[in-house]
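Heads up, the thing below is written out as structure tokens.
What follows draws every value from the coordinates through simple rules; no lab data is involved. These numbers come from a predicted model, not from an experiment. Cβ coordinates were reconstructed from backbone atoms using ideal geometry, including for glycine residues, and neighbour counts include every protein chain displayed.
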Amino acid sequence: MGLGRVLAVPRSGANFAYLWGMRWLVLVSIGILWAQPEKYPPAQTFPKFLLYTLDDKPFTEKDLPPAPRGRIVIFFDPYCDHCQKQAALLAENPKALDGIQLIWVSTETSAALADFREKYLKKLPNVIVLRDKDFRFDSYFGYSVAPTIYVYDKTGRLKAVHKEEVGLATLLKDL
């Protein structure tokens, strides 16, 4: 049986509307997924944002302390193996991160983020963990999957975007 026959939608019978509707749903879903990165390109300069602390207080870019060497923003999920590995990669040499602000952002609950911070981020300097409870991260920084890492230099210019875990040496070169 050829592929054309398998994908063909019968033109009569009770299943016609259902099968045509399912084909339409799949095509629309694929289109939406492919359109997302173009809808939210990476912010070329460090953006204005409104996120929340783990105790649910508003936090904006104005609340950030100075970052003399730059900022690394990591969109993550505390249950993601790759995100946990990224934290471990950074923790291998925490002194190399002095002067660099590490901003970890997730849509998960405050309790889950607090657990992640305690388990994986305790050894790292200059860490801020924020919640994106309004699901606006993409509109601030760009389309993201967990983990996505945005590297901004000390002047606030975007230097690199990584959509996977990456070693500390690479991140330091990006700055």
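Quick check on segment 109-175: take the gyration tensor over C-alpha atoms, sort the square-rooted eigenvalues as a ≥ b ≥ c, and tell me if it's rounded (a/c under 1.5), prolate or oblate. Don't skip to the end; give the middle numbers.
Values: a/c = 1.85, a/b = 1.23, b/c = 1.51.
Taking the square roots of the gyration eigenvalues as a ≥ b ≥ c, segment 109-175 is oblate.
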### Message
Which lysines, if any, have their Cα less than 18 Å from the Cα of residue 159, not counting same-chain residues under 8 positions apart?
### Response
48, 173
## Note on the structure
Projecting the Cα atoms of 139, 168, 99 onto the charge dipole of segment 33-175, where Lys and Arg contribute +1 and Asp and Glu -1 at Cβ, the residue farthest towards the positive end is 99
### Task
Based on other C-beta atoms within 10 Å, arrange 148, 155 from fewest to most.
155, 148
### Query
Sorted from fewest to most neighbouring beta carbons within 10 Å, what does the list 127, 73, 151, 145 look like?
145, 127, 151, 73
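First check a/c for segment 50-174, with a ≥ b ≥ c the square roots of the eigenvalues of its C-alpha gyration tensor; if it is under 1.5, answer rounded, and if not, answer prolate when a/b is larger than b/c or oblate otherwise. Before the final figure, lay out each step's value.
Values: a/c = 1.34, a/b = 1.16, b/c = 1.16.
Here segment 50-174 falls in the rounded category.
Using 1/(1 + (r/R0)^6) with R0 = 41 angstrom and r between the beta carbons of residue 52 and residue 89, what's the FRET efficiency to the nearest 0.05? List each step's numbers first, then the result.
On the way: r = 26 Å, r/R0 = 0.64.
Once rounded, the FRET efficiency stands at 0.95.
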